[in-house]
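Beneath this line is the structure, given in structure tokens, with notes to follow.
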Amino acid sequence: MLIQAAAALARAGHRAVYISGEEAVAQVRLRAERLGLRDTAVELAAETAVEDIVATLSEGKTPRLIVIDSIQTMWTDTVESAPGTVTQVRGSAQALIRFAKKSGAAIILVGHVTKDGQ
């Protein structure tokens, strides 16, 4: 559903970026194609390092929408704990939110909950 929202914005001429920390770009592209979104200009990336993500997003036109799927896979080198820990999730989210506020981009952070509520 989020890739469809990003595609709608891209079709309207806005920069939309979908960043996956769990799937390769080819997997995301295949899913988009199955949804009939073959020719949309959504930028796809597979990355988990928040500083690299922010640096890339800062290049060129400011994105109108950024989807991060999922926040649990992201990590920042400003926090000394493993990716997926509460501290890393919080630090990564804070860095991405700072970028969104500074740039005016809308950001959607996807978070997954396991069957046992974790």
Restricting to segment 59-91, name every residue that is closer than 20 Å to residue 14 by Cα and either of a type in the set (Lys, Arg) or assigned to a helix (DSSP H, G or I) (or both). 61, 64
Say whether the condition of being outside any helix (DSSP H, G or I), in contact (Cβ under 8 Å) with a residue 24 or more places away in the chain and within 20 Å of residue 113 (Cα to Cα) is met by at least one residue in segment 10-17. no
Quick one: in segment 57-80, which of the residues that are surrounded by 14 or more Cβ atoms within 10 Å (Cβ to Cβ) and free of Cβ contacts under 8 Å to residues at least 40 places away in the same chain is nearest to residue 20 (Cα to Cα)? 75
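Which residues, taken from segment 21-43, are among the β-branched types (Val, Ile, Thr) and surrounded by fewer than 17 Cβ atoms within 10 Å (Cβ to Cβ)?
25, the sole residue that qualifies.
Given the criteria part of a loop (DSSP other than H, G, I, E, B) and among the hydroxyl-bearing types (Ser, Thr, Tyr), does residue 56 qualify?
In short, no.
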Flag for residue 51 being more than 20 Å from residue 26 (Cα to Cα) and in a loop (DSSP other than H, G, I, E, B): no
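Looking at segment 100-116, can you tell me whether even one residue there is part of a helix (DSSP H, G or I) and without any contact (Cβ under 8 Å) to a residue 24 or more places away in the chain?
Among the residues of segment 100-116, at least one is part of a helix (DSSP H, G or I) and without any contact (Cβ under 8 Å) to a residue 24 or more places away in the chain, which makes the answer yes.
Throughout, read-outs are computed from the coordinates displayed, never taken from laboratory work. Predicted model, so just to flag it, every value in this text is computed and none were measured. All Cβ positions, even for glycine, are placed from backbone atoms using ideal geometry, and neighbour counts span all protein chains on display.
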